[in-house]
Amino acid sequence: MNLKRNSDKNFSVDISSLVDVLFTLLIFFSLTSTFVKESGLKIDLPLASSDVPITASEKYEIGIAADGRIEMNGVAMQSVDEVKNVLSKFDDTMRLKYIIVIKADTATQHGEVTRILDILKSLRFENIAVATKAK
């Protein structure tokens, strides 16, 4: 018997299906991940001894920077009148459902916060909170 060993075998691994699976997993995880939205204003929140986190998903944030700039859910507002115009478009059920969170810098003038609170009360918003940092 004459047995010959064939040592010229070419060995290769086809990884095209692996690339497809990895690409599908990448798309899945990027679409299902949650992103934390940070405000564009730099706000140094005041300290408070009581810290109760708001876990409601139906919240609307109003940020007031030290220099008086105002943001609503990350969108810059030109004036307090524009804030009032946007908030006046909420219907009665939205006014009861949403929690309005005021994020005011420690150096913000008291009058700016009072004007926002006055607008919220005049438009009959029920759930108003002021954001603070825990000590």
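The values are calculated or read from the model by the stated rules, or taken from the named source; none is laboratory data. Worth saying up front: this structure is predicted, and the values here are computed from it rather than measured. Positions of Cβ are generated from backbone atoms using ideal geometry, with glycine treated the same way; all protein chains shown enter the neighbour counts.
A search for C-beta distances below 8 Å between a residue of the range 35-62 that is under 18 Å from Ile116 (Cβ atoms) and any residue that is at pLDDT below 70 and among the polar types (S, T, N, Q), counting only pairs 6+ apart in sequence or on different chains, returns Glu61/Ser39.
Mind checking which residues of the range 20-70 are exposed (fewer than 13 other Cβ atoms within 10 Å of the Cβ), aliphatic (A, V, I, L, M) and at pLDDT 90 or above? Hits for the range 20-70 are Val21, Leu22, Leu25, Leu26, Ile27. The residues of the range 71-114 that are without any contact (Cβ under 8 Å) to a residue 40 or more places away in the chain, assigned to a loop (DSSP other than H, G, I, E, B) and surrounded by fewer than 17 Cβ atoms within 10 Å (Cβ to Cβ), listed by number, are Asn73, Gly74, Gln78, Ser79, Ser88, Lys89, Asp91.
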